[in-house]
1. Would you call Leu196 buried (at least 19 other Cβ atoms within 10 Å of the Cβ), at pLDDT 90 or above and within 30 Å of Glu129 (Cβ to Cβ)?
2. Looking at segment 225-235, which of its residues are among the charged types (D, E, K, R) and free of Cβ contacts under 8 Å to residues at least 24 places away in the same chain?
3. May I ask you to list the residues in segment 72-89 that are without any contact (Cβ under 8 Å) to a residue 40 or more places away in the chain and within 28 Å of Leu190 (Cα to Cα)?
4. Being aliphatic (A, V, I, L, M) and surrounded by 19 or more Cβ atoms within 10 Å (Cβ to Cβ) is the filter; apply it to segment 77-92 and report the residue that is farthest from the chain's Cα centre (by Cα).
5. Where in segment 1-79 are the helices (runs of 4 or more DSSP H), entirely inside, with at least 3 residues that are within 30 Å of Arg270 (Cβ to Cβ), polar (S, T, N, Q) and at pLDDT 85 or above?
Amino acid sequence: MPLNPYDLVKGSPKLSSPPEIILKINEVVDDPESTFEEIAQVIKADTSLSAQLLKMVNSAFFNFPSRIDSISHAVSVIGMQQLKDLALSICIVGSFGKISPGKVDMRKFWGHSLGCAVAARVIAIHCRESNPEQFYLAGILHDIGRLILFNNFPDLAAEVEECHEVGANFLYEAERAVLGFTHSELGAALARAWNLPSFLEEAIACHHDPSQMQYPSLECAVLNVADIMVKAMELGCSGDPCVPPLSPKTWETIGISAALVPPIWKQAKRQYEKTAGFFLLN
C-alpha cells in the first residue's frame, strides 16, 4: 500500500498538532476584531519569542531608522499579518530545533532555508507584494518535510539517501521512487495539519515544480525561483546541491524583467549576510 504524507503526519502525535503558541497567534490574528495590542499580548506572553522578534526587527534585515523597543511598537510599525508571519517562522524553526541531525547538517540546512526566505522576500518586494513577510515564511518552511522525514521516519530517510546516492539526479526524484511522494508534499501535509495559511500548503507542495499546477500561484513561482537562485549562490544546503532548470512559465508567472535578476541576486546575498549570524545563532 503506498504511503500517504497526510496520513503519516496525522498518525504522528509529535506532528499532528502545532505548538500552543502557534494556535494562539493564529486565533488572535484570524479574529477580525482583534487589535494590535491583543496580538502583542499573545506574543509577549512567550518571552523567548518576544526577544527573538525584537532582535529581528531591530536587525539589518529591516534597517529601521530608530529602535523598536516593544512588541506593541513592532506590530504598529510592521503590521499585524506581517509580524504574525515572522513569529510563525521563529516558532516553527524552534519546534524543529532539537531534531537529531543524522545525515543532515543543520547549519547548512537552515542556511539554505534562510537564503531561500530572504531571496523570496526580495523577489516579492520587486513584485510589489504588500506582505513580503509571507514569502519569507514560505522560504523558511519550504524544505521542512526533509526534517520531518529524518526525525520521524529515519529508516525511510535512509532508503531515500541510498537511492539518491546511487543514481537519482534530484533528491525529490529519489523520494518519489522510494516513498511515492516528496518532502515538499510532506511539508505541505504539516502546513495543513497545523492549519497554517493556505498559501503555504500550496507553495511548499509545488516549490520544485510549479508547472504541475494549471494556474501556478505567485507564492509558488517566487519560492521556486528563490530556491533555484539560492542553490546557484551556494547559500547552505538542504541535501540536494543540484541546481534545477527554471521553467519559462514560472518566470512568466512572476512577471518581472530578467534585467532585475542581477540586482535581486545582489540584494538577496547582502541581506543573507546581514541576517545569517542572527538567524543561525538562534
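1. Working: buried (at least 19 other Cβ atoms within 10 Å of the Cβ): yes; at pLDDT 90 or above: no; within 30 Å of Glu129 (Cβ to Cβ): yes.
No; evaluated as a whole, the condition is false for this residue.
2. Applying the first criterion (among the charged types (D, E, K, R)) to segment 225-235 yields 227, 231, 234.
Residue satisfying the conditions is Glu234 alone.
3. Pass one, segment 72-89, residues without any contact (Cβ under 8 Å) to a residue 40 or more places away in the chain: 72-75, 77.
Passing the criteria: only Val75.
4. In the first step, residues of segment 77-92 are kept if they are aliphatic (A, V, I, L, M); the result is 77-78, 80, 83, 86-88, 90, 92.
Then keep just the ones that are surrounded by 19 or more Cβ atoms within 10 Å (Cβ to Cβ); that gives 78, 83, 86-88, 90, 92.
On the way: Ile78: 19, Leu83: 15, Leu86: 11, Ala87: 12, Leu88: 10, Ile90: 10, Ile92: 9 Å.
Only one residue tops the list, namely Ile78.
5. 47-57
Every residue, every condition in (1) in contact with a Ser or Thr (Cβ under 6 Å, 6 or more places away or on another chain); (2) of a type outside the set (A, V, I, L, M, F, W, C), yes or no:
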{"position": "Phe170", "(1), (2)": "no, no"}
{"position": "Ala174", "(1), (2)": "no, no"}
{"position": "Gly187", "(1), (2)": "no, yes"}
{"position": "Ala193", "(1), (2)": "yes, no"}
{"position": "Met213", "(1), (2)": "no, no"}
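The values are calculated or read from the model by the stated rules, or taken from the named source; none is laboratory data. Everything numeric here is computed off the predicted structure, so don't read it as measured data. Methodologically, a virtual Cβ is constructed for each residue, glycine included, from the backbone with ideal geometry; neighbour enumeration extends over all protein chains shown.
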